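The values are calculated or read from the model by the stated rules, or taken from the named source; none is laboratory data. No experiment lies behind these values; they were computed from the predicted model shown. Cβ sites come from the backbone with ideal geometry, for glycine too, and all protein chains shown count toward neighbours. The protein model used for the area step is the full one, side chains on, heavy atoms only, and it has no ligands, DNA or RNA in it. Shrake-Rupley method; radii C 1.70, N 1.55, O 1.52, S 1.80 Å.
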Amino acid sequence: MMVQTGGRVDARPARDDRPWRPLDLDELPLRDVLRGVSPYGAPQLDVPVRLNTNENPYPPSIGLVDALGKAATLAATEANRYPDRDAEALRADLAYYLTPDAGFGVHTAQVWAANGSNEVLQQLCQAFGGPGRVAVGFEPSYSMHRLIALTTATDWVAEQRAADFSLSVEAVAAAVERHRPALLFLCSPNNPTGTALPLEVIAAACEAMHAAGSGMVVVDEAYAEFRRDGVPSALTLLPQHPRLIVTRTMSKAFALAGARVGYLAAHPAVVDALQLVRLPYHLSGFTQAVARTALAHADELLGSVEAVRAQRDRIVRELTALGLQVAPSDANFVFFGAFADHRAVWRGLLDAGVLIRDVGPDGWLRVTAGLPREIDTFLAALGRVLAGAGAGTGQTDGQTPPDR
Ligand code: PMP
């Protein structure tokens, strides 16, 4: 149906008026490697308590909203021009921000930024992976490492973490020896387990990769700001290890998931390499302006980290007291189990209006450290589910998708 609106034609067809026949993905000439693959998809359900995507539950203050809006308005005055392709000013701000964690003066030339750390990871795979090359990860870990490898035609090898989700120097060295990867992914604190890696393991990975004449070590530190006191960042290892890359994001501790800003610190040669694969002007002027404003208010934004860590530690304590197995967490979420039927627990919580995450392995669930009242609701609901009251049936209701 065409609708005449003033002088213009609104060509949006009504839903039942679409001029195409339904087409199955299999009918398209999709790359073989993508057949049967599920897109990344944490359910976005409208329930009262959402503790499934590890966001910071504290929205920006009114003052900061105002500042972010003004930054976007200012950027709009130059929207006819392409933005700074190299995002120099933003990278300088990020370098300054990283310096205390690194323990040395991080230089702008060592920092690169993109639309979320997912895009940074994708650029790394585009530059250092590709056909005939192997990326190795230690699962359970962040599922996008595998998916990004796959979509950049990089072979993926999944090694396993130990039963307690730890990773030893020996296991990492053996994996490097076995696969001689172009990219070795280490996630610390690890999603979904929350566990951080000792620096010795990361240093050993770098040394093993060097000895094998192999590729780059990527330490995904998306949750670094939530780590417990005394847990060091892999940034401190950068001066000794030119093949080490540390990725970070403003989506978590900075409470800026909606702005899509991720970044890395590495040897300047790595940043040069990424220029070969990044799209021109990949980071919009709005994104750069908003990110710089957020960094100028880092103290305020990161002010919520303490409160989130307190809820994280509370969840660990309370779930342990319930007799559950709980992985030690340096992140803003907690991994717990081991349930005979974790799906029934997930479903029971959802029935009580609490959405958490089932990303595997079987028996385990992940909950994000949200607001105190959200954690009150979660703990009360979990207590009821475990007691068998309000546990739901464990059956899907046919409307809500399963969480994997
Ligand atoms: N790394 C890890 C370990 C994550 O959990 C996430 C987000 N869930 C990301 C990277 C990507 O985050 P973003 O693209 O928002 O920076």
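Quick notes on this structure:
- Residues of region 101-114 that turn out to be closer than 22 Å to residue 84 by Cβ and either assigned to a helix (DSSP H, G or I) or within 16 Å of the ligand (Cβ to nearest atom) (or both), as a count: 7
- Count of residues meeting criterion [more than 9 Å from the ligand (Cβ to nearest atom) and out of contact with any Asp or Glu (no Cβ under 9 Å at 6 or more places or on another chain)] in region 115-139: 8
- Restricting region 300-321 to residues that are at pLDDT below 95 and over 20 Å from the mean Cα position of the chain (by Cα) leaves a set whose member that is least open to solvent (accessible area, probe 1.4 Å) is 303.
- Residues (open to solvent by 20 Å² or more (accessible area, probe 1.4 Å) and among the β-branched types (Val, Ile, Thr)) located in region 153-182: 157, 169
- In the set (1) closer than 28 Å to residue 185 by Cα; (2) in contact with a Ser or Thr (Cβ under 8 Å, 6 or more places away or on another chain), the condition left unmet by residue 300 is number (1).
- Only residues that are under 18 Å from residue 38 (Cα atoms) and assigned to a strand (DSSP E or B) were counted in region 122-150, giving 1.
- Test: residue in region 165-178 that is free of Cβ contacts under 8 Å to residues at least 12 places away in the same chain and over 30 Å from residue 316 (Cα atoms): yes
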